[in-house]
Amino acid sequence: MIRALITFWNLHRISILLVALGLVFYGVFGYELNRSDSIRLVTLFAALFFLSYKLIQFEKWNLRFMVTSGLLFRAVLLFALPNLSQDFYRFIWDGNLILEGLNPYFLTPDAWMARGGPAFPEVSELYEGMGSLSSANYSNYPPVKQYFFALCVYLGGQTVLGSVISMRLMIILADLGILYFGRRVLKKINRAPHLIFWYFLNPLVIIELTGNLHFEGVMLFFFILAMFLMVSGKWFLAVIPYALSIGVKLIPLLFLPLLLPLLGWKKVTGFYIGTALVLGAFLYPLYFPEFTDHYGQTLRLWFSNFEFNASLYNVSESVAVSQGAKPWEFIKQYGAIIPGLTALTTLMICAHPIVRLSKYWFGAALLVICVYYFLATTVHPWYIIFPLLLSTFTNFRFMYLWSATIVLSYIAYGGEEVEERPWILILEYAAVFGFLIYEIIRNKRNLSAIAKNQVRTPAD
């Protein structure tokens, strides 16, 4: 036993030291960091990215070591309250409402408090913690996500810390599911299974999901499970997990048109109908006559009122304002065209024959979601975790770079007011777009050859 430990140490001592250092850094990040301390935040992120890169470089074929490392990094954060986002307070608020038999879409938190407040524990702490922006608007979280909130709050004993721990454990389990099925999908499409560790060990994923309790990981688990079933020829079994993925967050709706060339007309029609029925079943218990109006009001805010860490939007706004446009009017006009432009892009991509091949479908999905976020007015760091995962199934690596540079957006929180600095945006997106253009040029000939010579009939 001792000899085996000595041998293991001799073989992996550098990696073990990297993990130990990572545990310290994640501990500092989770328990001692203030979001306004921009220099410390960016420095810790940079150090963690370097450590993750070296771990993948040294141990990418050592599955047990890599999984253990990822779990240890997440376990360090288990008892920490999120320090980069206050969204979790609204998660717990909505979960408590469901447990009390109340509809989270019916009233805003401000309206509930005006009526004397709901009768669940720590209601004042939750109301104050979510902030005035959240409390003034109806919930924008889809029904399946609401049920997960309620489950976690129930398991956590309706306390803030207990609910946080329950959500964190659920997100960790989801990441393990992504790791398992992600590796199987990579094998199915003849790519190296270790590429999934660019997701599993990525500091952005660990900090924003496990640390800050964003449910992208739960959405991605159902999505990757559905895609595994589809590339395995079991499209009919993929209906439920795909619907659950949409029910956690609406983003997978973007890829529904892309399923047509992959599955063909007959199968995709059944898939669409099944998905709609499953979503309808989850929505039904929370539906009431004003649901569409309340939910639509909040969704419209994201397209026409909010702006943060945007790329093409900021360029367009600067040009428009220089020509005399008013910013508050321009964002409404700009936000109104984003869905149309994204839909048009998706339809154009669907027409390309390469999308029929499951091996290259993920590249098409990556392009669609990146177009959406490049056009978007708001791009929070955790938003890009979806395209980050998709990129592991492609030849494109620019998302790894973006997952590192997007942390610069947190510099906007360095003062008393949220203030974005143009040079930060330029630095972030110049690196991303520059590397993306390089990769497009590098892969252009390969894509043309594939489309011309390797296209087959749609997958069974």
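The values are calculated or read from the model by the stated rules, or taken from the named source; none is laboratory data. This one's a predicted model, so the numbers in the text were calculated from it and none came from an experiment. Counting neighbours? That spans all protein chains shown, and the Cβs are built from the backbone with ideal geometry, glycine included. Heads up: the accessible areas ignore ligands, DNA and RNA and are worked out on the full protein's heavy atoms, side chains in. Shrake-Rupley method; radii C 1.70, N 1.55, O 1.52, S 1.80 Å.
Cβ-Cβ under 6 Å, sequence separation 6+ or interchain: first residue in the range 416-430 and modelled with pLDDT of 90 or more, partner aliphatic (A, V, I, L, M) and part of a helix (DSSP H, G or I). Which pairs? Cβ pairs passing all conditions: GLU420/ALA412; ILE424/LEU408; ILE424/ILE411; GLU428/LEU408.
Which residues, taken from the range 149-173, are assigned to a helix (DSSP H, G or I) and open to solvent by 40 Å² or more (accessible area, probe 1.4 Å)? Hits for the range 149-173 are LEU151, TYR154, LEU155, LEU161, LEU169, LEU173.
Summed over the range 90-147, residues that are among the basic types (Lys, Arg), open to solvent by 20 Å² or more (accessible area, probe 1.4 Å) and in contact with a Phe, Trp or Tyr (Cβ under 7 Å, 6 or more places away or on another chain) total 0. When each of LEU176, LEU81 is tested for being assigned to a loop (DSSP other than H, G, I, E, B), open to solvent by 10 Å² or more (accessible area, probe 1.4 Å) and of a type outside the set (Lys, Arg), the lone residue that passes is LEU81.
A single member of LEU347, LEU357 is in contact (Cβ under 8 Å) with a residue 24 or more places away in the chain, under 16 Å from VAL231 (Cα atoms) and not hydroxyl-bearing (Ser, Thr, Tyr), and it is LEU357. Only one entry of TYR438, TYR413, TYR372 meets the criterion of being among the hydroxyl-bearing types (Ser, Thr, Tyr), under 27 Å from GLN333 (Cβ atoms) and open to solvent by 30 Å² or more (accessible area, probe 1.4 Å), and that entry is TYR372.
In the range 59-78, the residue that is least open to solvent (accessible area, probe 1.4 Å) out of those that are over 11 Å from THR210 (Cβ atoms) and either assigned to a loop (DSSP other than H, G, I, E, B) or of a type in the set (Lys, Arg) (or both) is ASN62.
Taking the range 398-449 as the range and being assigned to a helix (DSSP H, G or I) and β-branched (Val, Ile, Thr) as the test, the residues that pass are THR405, ILE406, VAL407, ILE411, ILE424, ILE426, VAL432, ILE437, ILE440, ILE441. Among all residues of the range 194-212, there is none that is open to solvent by 10 Å² or more (accessible area, probe 1.4 Å), without any contact (Cβ under 8 Å) to a residue 40 or more places away in the chain and in a helix (DSSP H, G or I). Per the listing VAL19, VAL42, the residue uniquely more than 23 Å from the chain's Cα centre (by Cα), surrounded by 14 or more Cβ atoms within 10 Å (Cβ to Cβ) and either among the hydrophobic types (A, V, I, L, M, F, W, C) or not in a helix (DSSP H, G or I) (or both) is VAL19.
Scanning the range 384-410 for residues that are open to solvent by 10 Å² or more (accessible area, probe 1.4 Å), touching a residue at least 60 places away in the same chain (Cβ under 8 Å) and among the aromatic types (Phe, Trp, Tyr) yields a single hit, TYR400.
Please count how many residues of the range 223-248 are open to solvent by 30 Å² or more (accessible area, probe 1.4 Å) and either of a type in the set (Ser, Thr, Tyr) or within 15 Å of ALA365 (Cβ to Cβ) (or both). So the answer is 2. Just one of the numbered conditions (1) touching a residue at least 60 places away in the same chain (Cβ under 8 Å); (2) closer than 22 Å to HIS194 by Cα is not true of LEU41: (2). Filtering the range 335-363 to residues that are among the small types (Gly, Ala, Ser) and open to solvent by 30 Å² or more (accessible area, probe 1.4 Å) leaves ALA336, GLY340, ALA343, ALA351, SER358. Among residues that are in a helix (DSSP H, G or I), open to solvent by 50 Å² or more (accessible area, probe 1.4 Å) and touching a residue at least 12 places away in the same chain (Cβ under 8 Å), ILE56 is not included.
Contact annotation: residue pairs with Cβ atoms under 9 Å, 6 or more positions apart or on different chains, pairing a residue in the range 239-267 that is closer than 23 Å to PHE282 by Cβ and assigned to a helix (DSSP H, G or I) with a partner that is open to solvent by less than 10 Å² (accessible area, probe 1.4 Å) and acidic (Asp, Glu), are VAL248/GLU216; ILE251/GLU216. Looking across the range 96-154 at every residue that is closer than 21 Å to GLY217 by Cβ and aromatic (Phe, Trp, Tyr), the one that is farthest from the chain's Cα centre (by Cα) is identified as TYR154. Within the range 1-36, being closer than 19 Å to THR68 by Cβ and among the aromatic types (Phe, Trp, Tyr) holds for PHE8, TRP9, PHE25, TYR26.
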